[in-house]
1. What number of residues in region 21-47 are loosely packed, with under 13 Cβ neighbours inside 10 Å and assigned to a helix (DSSP H, G or I)?
2. Report yes if some residue within region 48-57 is in a helix (DSSP H, G or I), free of Cβ contacts under 8 Å to residues at least 24 places away in the same chain and out of contact with any strand residue (DSSP E or B) (no Cβ under 7 Å at 6 or more places or on another chain); otherwise report no.
Amino acid sequence: MFNGVPLWAGVISGGLAQLKDTQAMTSGHLGKKEYAIQTSKNVTGSLGLMAGIEYGAILGTSILPGPGTIIGSLIGSMVGNWLGNTVGYQAGHIIFNNQMLHNNRLAHNESLKLQQNFSE
């Protein structure tokens, strides 16, 4: 999965998606939290695309060698990319919008302030 056409398809697809999101963030259309969520979506979407190409081609070859390889890799890439994007977006949304994580950061910042006050 990490060589040949699937690798380069994933790198190009993920790279272009990340470039688009980076441009949106630098122009102010995307916040830092949404950028982080989109980044997780881009990474998992690329991995899904690579796996979809590889396993779609294998399945297509087993059904109809030759044309089935091409058809299977095309369908597999679409399904893998969709599945990877969906899973990555949902996982990123859960991770970066986690209230407990946010509360822990606030508590940590407050404890640092208290430590600074006691050390002065």
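Please treat every number below as a calculation from the coordinates, not as lab data. These numbers were taken from a predicted model, which means no experiment stands behind them. Cβ coordinates were reconstructed from backbone atoms using ideal geometry, including for glycine residues, and neighbour counts include every protein chain displayed.
1. The first filter runs over region 21-47 and keeps only residues loosely packed, with under 13 Cβ neighbours inside 10 Å, leaving 23, 26-29, 31-33.
Those left that are additionally assigned to a helix (DSSP H, G or I): 23, 26, 32-33.
Here the count works out to 4.
2. Residues of region 48-57 in a helix (DSSP H, G or I): 48-57.
When the remaining residues are screened for being free of Cβ contacts under 8 Å to residues at least 24 places away in the same chain, the result is 57.
Next cut, out of contact with any strand residue (DSSP E or B) (no Cβ under 7 Å at 6 or more places or on another chain) only: 57.
Checking region 48-57: at least one residue is in a helix (DSSP H, G or I), free of Cβ contacts under 8 Å to residues at least 24 places away in the same chain and out of contact with any strand residue (DSSP E or B) (no Cβ under 7 Å at 6 or more places or on another chain).
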